[in-house]
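Let me begin by presenting the structure, written as structure tokens, before commenting on it.
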Amino acid sequence: MSFRLAVAVLGGLVMTGTIAVPALDALCAPDTDVRDSGGPPATPPVVAVAAPEAPPAKPEVAPAEPTVEPSEPEAAPAAPEPAPADLVVIPPTEVNEETVWMAPPEVIPNCEARLEAAGIDFTPSRLPVHKTRGGIYCGAEQVVRYRKGPGEISWGGSPKVTCPVALGMARLEAIVQEEAERHLGRKVRRIQHMGTYNCREMANYPGWVSEHSYANAIDIKHFELTNGKKIPVLGSYPKNGAEPKNASARFLKAVARRLYDERAFSVVLTPSFDSNHRNHFHLDMARYLVDGT
Ligand SMILES: [Zn+2]
């Protein structure tokens, strides 16, 4: 089984390739399900994933020099409605056979300034990059505690996430409040998440590392409205293209679609993706794009 993998590259190109899906199945099991399955993966510490089965063709236009500057909105032509420039944070990647697909995220020099500009209350934090006994790297250099975003939503504490994920959470808050008012007639006051950081070895899928290993992901279990009603992903999300059967389903579907289409996150996995995600949205800022809505 395979799925289409779209890779955002520097210079406005979006390329697609095919890659084995079991690896992605394993990218995000709920944190509570995670086990160190033992057995060191036989992979180098910084994982340069083997080229997809169909290696991406060389870009028709020579990519510019690699840079840590984020893509401009127009750099993602696959996105029907590009997000505002200050919240587009998909790291640019020069795609070739040497591309590093999975590694601690690059530092974005102005990311903290973007957090402030986006109205996010945060504090700098630390999650030192370290090598596990299994030979993979975990941690990230640019990590914050996300305290409050522009949507005035409580996240049940202050999740520790990478700066790009914090920017994505701010985009998520805006989307969630718009869609909650549209479909449910009131706002969301709280989001229940299931974790961000989890240093994972993927013994079954050597070479693939969860973005949770870098706190570059967050799992969302349910949304709580201002009247206390909870909208759980489990049992409410319309799977596999089914028509939403009620307002809660329309809300969840609309949120997931917009999170991906507007590139609030580069990977959006839902119950439609696989059974590992039957009860949560997995959202991350990987270097590749996966539409799992
Ligand atoms: Zn996850």
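I need the shape label for region 248-293. Rule: rounded when a/c is under 1.5, else prolate if a/b > b/c, else oblate, with a, b, c from the alpha carbon gyration tensor. Here region 248-293 falls in the oblate category. Classification of region 144-293 by its C-alpha gyration tensor yields an oblate form. The axis ratio a/c (a ≥ b ≥ c) is 1.5 or more, and b/c is at least a/b. How far is it, in nm, from the label point at A247 to the one at K229 when both lie 7 Å from their Cα along the line to the Cβ? With each label placed 7 Å out from Cα toward Cβ, I get 0.4 nm.
If you take the square roots of the eigenvalues of the alpha-carbon gyration tensor of region 107-172 and sort them as a ≥ b ≥ c, do you get rounded (a/c under 1.5), prolate (a/b over b/c) or oblate? Prolate is the answer for region 107-172, as a/c is 1.5 or above and a/b outweighs b/c.
A Förster distance of 25 Å, applied to the separation of the beta-carbon atoms of E112 and E152, puts the FRET efficiency at 0.75. What FRET efficiency comes out for the pair R189/R145, r = Cβ-Cβ distance, R0 = 30 Å, nearest 0.05? Between R189 and R145 the formula returns 0.90.
Compute the FRET efficiency between E181 and H130 as 1/(1 + (r/R0)^6), taking r as their Cβ-Cβ distance and R0 = 35 Å, and round to the nearest 0.05. After rounding to 0.05, the efficiency reads 0.20. Taking each residue as 0.36 nm, the span from D121 to S275 lengthens on full extension beyond its C-alpha to C-alpha distance by 52.0 nm.
A short reminder: the numbers here are calculations on the coordinates, not readings from a lab. Here the structure is a predicted model, which means the values were calculated and not measured. Positions of Cβ are generated from backbone atoms using ideal geometry, with glycine treated the same way; all protein chains shown enter the neighbour counts.
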